[in-house]
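The values are calculated or read from the model by the stated rules, or taken from the named source; none is laboratory data. Note that the coordinates shown come from a computational prediction; the quantities given were computed from them, not determined experimentally. All Cβ positions, even for glycine, are placed from backbone atoms using ideal geometry, and neighbour counts span all protein chains on display. Surface accessibility is based on the protein's heavy atoms, side chains included, excluding ligands, DNA and RNA. Shrake-Rupley method; radii C 1.70, N 1.55, O 1.52, S 1.80 Å.
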Amino acid sequence: MDLDGKVAIVTGSGRGLGLAYARALAAAGAAVVVNDVDEGAVKEAVAAVTAAGGRAAGVTAAVGDSATADQLVETAVREFGRLDVLITSAGILRDRVLWKMSDEDFDAVIRVHLRGTFTCARAAAVRLREQGEGGRLILISSPAGQRGNFGQTNYAAAKAGIAAMARTWALELARNGITVNAVVPVAATEMTKTIPAFAPVIEESERTGEPLPAWLRRDEGMGTVDDVTGLITFLASDASAHITGQAIGIGGDRLALWAHPQEKAVAFADGGWSASSIGSAPIFGELETYGIPAPKQPGA
Ligand SMILES: NC(=O)c1ccc[n+]([C@@H]2O[C@H](COP(=O)([O-])OP(=O)(O)OC[C@H]3O[C@@H](n4cnc5c(N)ncnc54)[C@H](O)[C@@H]3O)[C@@H](O)[C@H]2O)c1
């Protein structure tokens, strides 16, 4: 897929999925602004993209601040003359159950994921609207944000908020030809490879160089970071112009379109519902499930 002439910002691209996105976009011809809080990782990422024949500029700064968002857009314009694509992949985890989660744990995760996505998307939207040639906002959400996840109050809230912002901005930016989608990735990275159900299999694959097993890639939709890059490159390209306001899952061999929340069962009572009549309303026949299903390893 050809991204020649396009300019992309990828937040959190010093390592993990963000680095894979930056490399893939550059390999497809885009110039990339690499961003991370880790200065060494930014330098290495820029060097890796450049060594592979791509074009990259680095910005070491923490997303969350408006100043960082402005710096990212300014760098894209100064170094490469324009902006076409923003990918918000920067992220941290501070997992605790609700009753043990501190204000600091909550605020730190909301700041990087939710505020970081908001501030970067706002700065990008201003620039893209000025250019008047459309654009792409690709926001990174998570299964935790779609379903809820034990120990992830802060992260699930931020990632659900990101999917909600994608739907909102898809409405607001449609007239400008700017598409906005949420991507729901699953891949073996520093963030996920310690998950107990996956850790031994990922370690084995890293040790032997063998591919991850088919049950993990298909049933759990868990693969390598490179398995996610095809969707990112597609969404960054002109070929995805008709796709906006969506939450799209990818991982391993699995590609999925997530449903948006909508009314599942409806009942009516003339004059309205009383507290006592609600308990026997027919809408509670089949309650919704919630939470990410526990991984099922064959034979375990
Ligand atoms: N790995 C998965 O399976 C998975 C699943 C769902 C969602 N995600 C999301 O994908 C994104 C990337 O995850 P990953 O697994 O590659 O994680 P990772 O921890 O490997 O990489 C995250 C990167 O973000 C950087 N970062 C942290 N705070 C930052 C900040 N304030 N500003 C700029 N950079 C910052 C880190 O230094 C790191 O390089 C995250 O948003 C994560 O929530 C990952």
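Right, residue 239: touching a residue at least 60 places away in the same chain (Cβ under 8 Å) and surrounded by fewer than 17 Cβ atoms within 10 Å (Cβ to Cβ) or not? Explain how you work it out, then say what you get.
Values: touching a residue at least 60 places away in the same chain (Cβ under 8 Å): yes; surrounded by fewer than 17 Cβ atoms within 10 Å (Cβ to Cβ): yes.
For residue 239, the condition - touching a residue at least 60 places away in the same chain (Cβ under 8 Å) and surrounded by fewer than 17 Cβ atoms within 10 Å (Cβ to Cβ) - is met.
Pick out the one residue from 39, 44, 79 that is more than 24 Å from residue 159 (Cβ to Cβ), more than 15 Å from the ligand (Cβ to nearest atom), surrounded by fewer than 23 Cβ atoms within 10 Å (Cβ to Cβ) and not hydroxyl-bearing (Ser, Thr, Tyr). Explain how you work it out, then say what you get.
Details: 39 fails: more than 15 Å from the ligand (Cβ to nearest atom); 44 fails: more than 15 Å from the ligand (Cβ to nearest atom).
Checking each option against the conditions leaves just 79.
Can you find even one residue in the range 230-253 that is more than 14 Å from the ligand (Cβ to nearest atom) and more than 30 Å from residue 172 (Cβ to Cβ)? Write out each step before concluding.
In the first step, residues of the range 230-253 are kept if they are more than 14 Å from the ligand (Cβ to nearest atom); the result is 230, 233-246, 253.
The next check asks that each one be more than 30 Å from residue 172 (Cβ to Cβ); those that pass are 253.
Among the residues of the range 230-253, at least one is more than 14 Å from the ligand (Cβ to nearest atom) and more than 30 Å from residue 172 (Cβ to Cβ), which makes the answer yes.
Which of the residues spanning the range 47-56 are open to solvent by less than 60 Å² (accessible area, probe 1.4 Å) and away from the ligand (no atom under 16 Å from the Cβ)? Please lay out each step first, then the result.
Residues of the range 47-56 that are open to solvent by less than 60 Å² (accessible area, probe 1.4 Å), as a first pass: 47-49, 54, 56.
Matches in the range 47-56: 54 only.
Identify the residue in the range 190-225 that is away from the ligand (no atom under 12 Å from the Cβ) and within 20 Å of residue 21 (Cβ to Cβ) and, among all such residues, is surrounded by the fewest Cβ atoms within 10 Å (Cβ to Cβ).
It comes out as 217.
Can you give me the number of residues within the range 161-193 that are part of a loop (DSSP other than H, G, I, E, B), in contact with a helix residue (DSSP H, G or I) (Cβ under 7 Å, 6 or more places away or on another chain) and of a type in the set (Ser, Thr, Tyr)?
Residues meeting the conditions: 1.
For the range 127-136, which positions are surrounded by fewer than 24 Cβ atoms within 10 Å (Cβ to Cβ) and in contact (Cβ under 8 Å) with a residue 12 or more places away in the chain?
Start the filter on the range 127-136 by keeping residues that are surrounded by fewer than 24 Cβ atoms within 10 Å (Cβ to Cβ), which leaves 127, 129-134.
Selection gives 127, 129, 131, 132, 133, 134.
Look at residue 116 and say whether it is over 20 Å from residue 259 (Cβ atoms), among the small types (Gly, Ala, Ser) and assigned to a loop (DSSP other than H, G, I, E, B).
Spelling it out, it is not the case that residue 116 is over 20 Å from residue 259 (Cβ atoms), among the small types (Gly, Ala, Ser) and assigned to a loop (DSSP other than H, G, I, E, B).
When you go through (1) away from the ligand (no atom under 16 Å from the Cβ); (2) open to solvent by less than 30 Å² (accessible area, probe 1.4 Å); (3) touching a Leu at 6+ places or on another chain (Cβ under 8 Å) one by one for residue 31, which number turns out not to apply?
(3)
Exactly one of these conditions fails for residue 226: (1) over 24 Å from residue 27 (Cα atoms); (2) among the charged types (D, E, K, R); (3) at pLDDT 95 or above. Give me its number.
(1)
Against the definition (of a type in the set (A, V, I, L, M, F, W, C) and open to solvent by 20 Å² or more (accessible area, probe 1.4 Å)), how does residue 114 come out, yes or no? Steps first, please.
On the way: of a type in the set (A, V, I, L, M, F, W, C): yes; open to solvent by 20 Å² or more (accessible area, probe 1.4 Å): yes.
Considered against the rule, which asks whether it is of a type in the set (A, V, I, L, M, F, W, C) and open to solvent by 20 Å² or more (accessible area, probe 1.4 Å), residue 114 comes out as yes.
Tell me which residues, restricted to the range 137-160, are open to solvent by 20 Å² or more (accessible area, probe 1.4 Å) and either away from the ligand (no atom under 12 Å from the Cβ) or not in a loop (DSSP other than H, G, I, E, B) (or both). Even if it seems obvious, please write down each step before you answer.
If we filter the range 137-160 for residues that are open to solvent by 20 Å² or more (accessible area, probe 1.4 Å), which is where we start, we get 143, 146-150, 153, 155, 157, 160.
Result: 143, 146, 147, 148, 150, 153, 155, 157, 160.
I'm told residue 183 meets every condition in (1) open to solvent by 20 Å² or more (accessible area, probe 1.4 Å); (2) within 15 Å of the ligand (Cβ to nearest atom) except one. Can you identify the failing condition by its number?
Evaluating residue 183 over (1) open to solvent by 20 Å² or more (accessible area, probe 1.4 Å); (2) within 15 Å of the ligand (Cβ to nearest atom) leaves (1) as the failure.
Kindly indicate which of 73, 59 is open to solvent by less than 80 Å² (accessible area, probe 1.4 Å), within 12 Å of the ligand (Cβ to nearest atom) and in contact with a strand residue (DSSP E or B) (Cβ under 8 Å, 6 or more places away or on another chain). Break it down stepwise before answering.
On the way: 73 fails: within 12 Å of the ligand (Cβ to nearest atom).
The conditions single out 59.
If you take just the helices (runs of 4 or more DSSP H) that sit entirely in the range 206-300, which of them hold at least 1 residues that are touching a strand residue (DSSP E or B) at 6+ places or on another chain (Cβ under 8 Å)? Talk me through it step by step, then tell me what you get.
Numbers: elements: 214-218, 226-236, 275-278.
In the range 206-300, the matching helices (runs of 4 or more DSSP H) lie at 214-218, 226-236.
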